[in-house]
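The values are calculated or read from the model by the stated rules, or taken from the named source; none is laboratory data. A quick note: this is a predicted structure, and the numbers were derived from the prediction, not measured. Glycine also receives a Cβ, built like all others from the backbone with ideal geometry; neighbour counts cover every protein chain displayed. Side chains are part of the model used for accessible areas, which takes the heavy atoms of the whole protein and leaves out ligands, DNA and RNA. Shrake-Rupley method; radii C 1.70, N 1.55, O 1.52, S 1.80 Å.
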Amino acid sequence: DSVVTLLDTLLDERLQAIADLPFMCDVTSGYDCSLIAALLTKKIKKRLHSLSYTSTLCPTDNNEVTVRKFGEKHSIAIDFINVDHLFPFATNESIEFIKYHFYPAMFSTDLMLSMKQRVASMGYTILFEGYGGDELYHTGDDMGWRFPLQTEYFWFVQSLKDGIDNIFTQKGLERYLSRDRFTSRPLFPSGIATSAVSQGLHFFPIYWETRTWGIHPLADPRMAQLATFCPKKVKKKDIWKNREDIYIKEQLVRKGERYVKHIEQFLTNPQVREKIITLLENSILAQKGIIKDDISYNLKSGKEYLYRGNLAGLLLNIIYVEYYLQNFLREQQQAET
């Protein structure tokens, strides 16, 4: 109840701030976007318009049937958009974009670019989103607050079990897990959701070019402060199980999965894989001894299974770095000649 009351206030503030700018909402079968959408419907006179992205590759991540029922419950107009064709390193437009705008963990560039373009094409400027919700439910766990650097290190060490040595050389691993690299990082505990902050930092060029902006009320510091009273290891469905005025029953028993299969398409799509193989055959990171020089060979030989699962996202980020470095070096050489 306290979360709903505070979120009501936060939404009022943001609606007042955007004044007459046209806005819509992102809606999924999960908890965070749905909560914002349900509360927004009570604050506006006209019918709320929303977008919902679905994929047959991971249908349980955002269940279209559940979203439709939720929309009917709150009388929300929902545009469903299938994103099977949008996957990392896929569209020429996003690849060109990455040449000049590299940021860490940009595996959803295609999706973000498509979403903001769609929002703009429909005549809207603002998109209310649920980024930041996941972090709120972990705020009650004080381990990350007390030992932020150690917690970050443990996450990196965990990747060793995922087979990260299939990507990095011994030299790369030593740098990846080096004491100097971690002790020099300005890590500090923050109650402000990194997923929401990253939207503004990483994707600012997309916002700028499409003339749209995402609003993330769950990332407000006051929400983080309230979340410190959240019990440790609590599940969302346990918190919201009695709020049937907001959610439908299908959401309260929902089992979601990450978009791993969606990310993994860059390993299996022949056209995209050929681009990546060519890129890695001229790898600057491999020449420096940071990553292994047999990744392109393994992909050629049908051994993409070595990089599936949690490694797929990491390898994709390395590919983005490699692509950026090679383009930067090429343009530098052209400028010198």
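Things to note:
- Residues being crowded, with 20+ Cβ neighbours inside 10 Å, of a type in the set (D, E, K, R) and at pLDDT below 65 - total across the stretch 70-117: 0
- Only one of Ile319, Ile276 that is of a type in the set (Val, Ile, Thr) and either open to solvent by 70 Å² or more (accessible area, probe 1.4 Å) or over 30 Å from Gly30 (Cβ atoms) (or both): Ile276
- Residues in the stretch 34-69 that are part of a helix (DSSP H, G or I) and either modelled with pLDDT under 90 or open to solvent by 10 Å² or more (accessible area, probe 1.4 Å) (or both): Thr41, Glu64, Val65, Thr66, Arg68, Lys69.
- Complete set of residues in the stretch 266-279 that are touching an Asp or Glu at 6+ places or on another chain (Cβ under 7 Å) and not polar (S, T, N, Q): Leu267, Leu279
- Cβ separations smaller than 8 Å between residues 6+ apart or across chains give the following pairs from the stretch 32-45 residues that are on the phi < 0 side of the Ramachandran plot to residues that are open to solvent by 20 Å² or more (accessible area, probe 1.4 Å) and among the β-branched types (Val, Ile, Thr): Ser34/Thr28.
- If the condition is being closer than 20 Å to Leu136 by Cβ, modelled with pLDDT under 90 and aliphatic (A, V, I, L, M), then the stretch 239-255 contributes Ile239, Leu252.
- Checklist (1) assigned to a loop (DSSP other than H, G, I, E, B); (2) under 24 Å from the mean Cα position of the chain (by Cα) applied to Met24, failing item: (1)
- The residue that is nearest to the chain's Cα centre (by Cα), counting only those in the stretch 190-218 that are within 11 Å of Gly132 (Cβ to Cβ), modelled with pLDDT under 85 and among the hydrophobic types (A, V, I, L, M, F, W, C), is Ala196.
- Residues in the stretch 153-184 that are hydroxyl-bearing (Ser, Thr, Tyr) and either touching a His at 6+ places or on another chain (Cβ under 7 Å) or not in a loop (DSSP other than H, G, I, E, B) (or both): 3 in all.
- Selection count where residues are more than 15 Å from Glu281 (Cα to Cα) and open to solvent by less than 60 Å² (accessible area, probe 1.4 Å), scope the stretch 295-315: 9
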